[in-house]
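The values are calculated or read from the model by the stated rules, or taken from the named source; none is laboratory data. None of these values were measured; they are calculated from a predicted model. We place every Cβ from the backbone using ideal geometry, glycine too, and count neighbours over all the protein chains shown.
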Ligand SMILES: Nc1nc2c(ncn2[C@@H]2O[C@H](COP(=O)(O)OP(=O)(O)OP(=O)(O)O)[C@@H](O)[C@H]2O)c(=O)[nH]1
């Protein structure tokens, strides 16, 4: 039926029916306008959907922080048991001490605040403590993107590598691991069993062999196989600090030989249960190889969640992720806003 009319329309010439042609043109124009409207509506819908998703993600993250920080919040609640609109300077100071924020940092954050402090005033100051932003453009990563994982034994390096690899895989990115802690056989075994569990390839060697060679082979293999991510483990302790220093420096140099610009991130793993006492140890690593960012582990098991403020501010480094459990999914991207909000939700009523 429609094709019949269409055919009829086609048969009519310009000379015969100018008015009808005009009408058809008007019809086409309207159709085009409608489809443009539809595209615009679809775009708005998409934007709204995106915003809703990121809001949901943000709520989800806040939920994770609230759960992980239960112990820290219990301490805070002992100072301010009920939510308020304004909280006194002294109470804020005390609750930040309870959360294990260093006193020097508390003084810095609260300098010049009034006797009664609103949520908005405190929020601004606390978020400002995380002013050190990542220096890598995460939207335009090199391939392979090479991350070197450093930190003391027991901080959670191996587990965090598994979590990072798992996250990349979930985002449909390929990953290869390098078992660069050749100092201890157990470290190689532990990383191998994680690699098997999350089904990613691993380059390893025997205990005592050169970790730089492992790093080189892992990057070369990633280049040859077109793999997106390389994550390399390193030893947390050697016979002496000088040995560790030399070894880490050599690994960095060799990574750059295997691929110019690598490692793109040197990530320091810090055990969150150590609170502020981890800072001096972190400084030592930062002096050996310039660290690009921090991952704080075991945030779930500690009442010292406030130490994140001091760790980031004192070391002048961004926190990329926090570990909130022992499983492969227990890693969340760190967001200063969400972290501060989940803390303020415990003590303040919502800002009107
Ligand atoms: N609760 C909790 N435990 C964690 C977290 N991250 C790591 N762990 C645990 O901390 C312990 C040490 O973690 P590893 O990953 O073995 O630490 P490592 O730095 O590789 O240490 P070595 O194996 O000694 O070199 C393990 O029992 C992990 O399960 C976390 O975010 N939360």
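Things worth noting here:
- Filtering 323, 293, 305, 275 for residues that are more than 15 Å from the ligand (Cβ to nearest atom) and crowded, with 22+ Cβ neighbours inside 10 Å leaves a single hit, 293.
- Some residue of the stretch 156-164 being farther than 28 Å from residue 300 by Cβ, in the same structural domain as residue 294 (by TED's automatic domain parsing) and touching a strand residue (DSSP E or B) at 6+ places or on another chain (Cβ under 7 Å): no
- Check on residue 191, crowded, with 23+ Cβ neighbours inside 10 Å and either within 12 Å of the ligand (Cβ to nearest atom) or in the same structural domain as residue 333 (by TED's automatic domain parsing) (or both): yes
- Flag if residue 203 is in the same structural domain as residue 275 (by TED's automatic domain parsing), free of Cβ contacts under 8 Å to residues at least 40 places away in the same chain and within 16 Å of the ligand (Cβ to nearest atom): no
- Among the residues making up the stretch 142-160, those that are within 16 Å of the ligand (Cβ to nearest atom) and either under 13 Å from the mean Cα position of the chain (by Cα) or not in a helix (DSSP H, G or I) (or both) are 147, 148, 149, 150, 151, 152, 153, 154, 155, 156, 160.
- Filter pass, residue 268 being surrounded by 20 or more Cβ atoms within 10 Å (Cβ to Cβ), assigned to a loop (DSSP other than H, G, I, E, B) and in contact with a strand residue (DSSP E or B) (Cβ under 7 Å, 6 or more places away or on another chain): no
- For the stretch 274-281, the criterion of being more than 20 Å from residue 74 (Cα to Cα) and not in a helix (DSSP H, G or I) is met by no residue.
- Residue, modelled with the lowest pLDDT, within the stretch 326-351, restricted to residues that are within 13 Å of the ligand (Cβ to nearest atom) and not in a loop (DSSP other than H, G, I, E, B): 332
- Top-ranked residue in the stretch 228-245 [being touching a residue at least 40 places away in the same chain (Cβ under 8 Å) and in a helix (DSSP H, G or I); ranked as farthest from the chain's Cα centre (by Cα)]: 241
- Looking across the stretch 202-227 at every residue that is part of a loop (DSSP other than H, G, I, E, B) and surrounded by fewer than 18 Cβ atoms within 10 Å (Cβ to Cβ), the one that is modelled with the lowest pLDDT is identified as 208.
- The stretch 89-103, subset farther than 17 Å from residue 346 by Cβ and either in a loop (DSSP other than H, G, I, E, B) or free of Cβ contacts under 8 Å to residues at least 12 places away in the same chain (or both), residue nearest to the chain's Cα centre (by Cα): 102
- Failed item in (1) assigned to a helix (DSSP H, G or I); (2) in contact with a helix residue (DSSP H, G or I) (Cβ under 8 Å, 6 or more places away or on another chain); (3) within 12 Å of the ligand (Cβ to nearest atom), with residue 169 passing the rest: (3)
- Tallying residues that are surrounded by fewer than 18 Cβ atoms within 10 Å (Cβ to Cβ) and in a helix (DSSP H, G or I) within the stretch 76-88 yields 2.
- Residues of the stretch 217-247 satisfying the condition of being farther than 23 Å from residue 140 by Cα, touching a helix residue (DSSP H, G or I) at 6+ places or on another chain (Cβ under 7 Å) and more than 15 Å from the ligand (Cβ to nearest atom): 245
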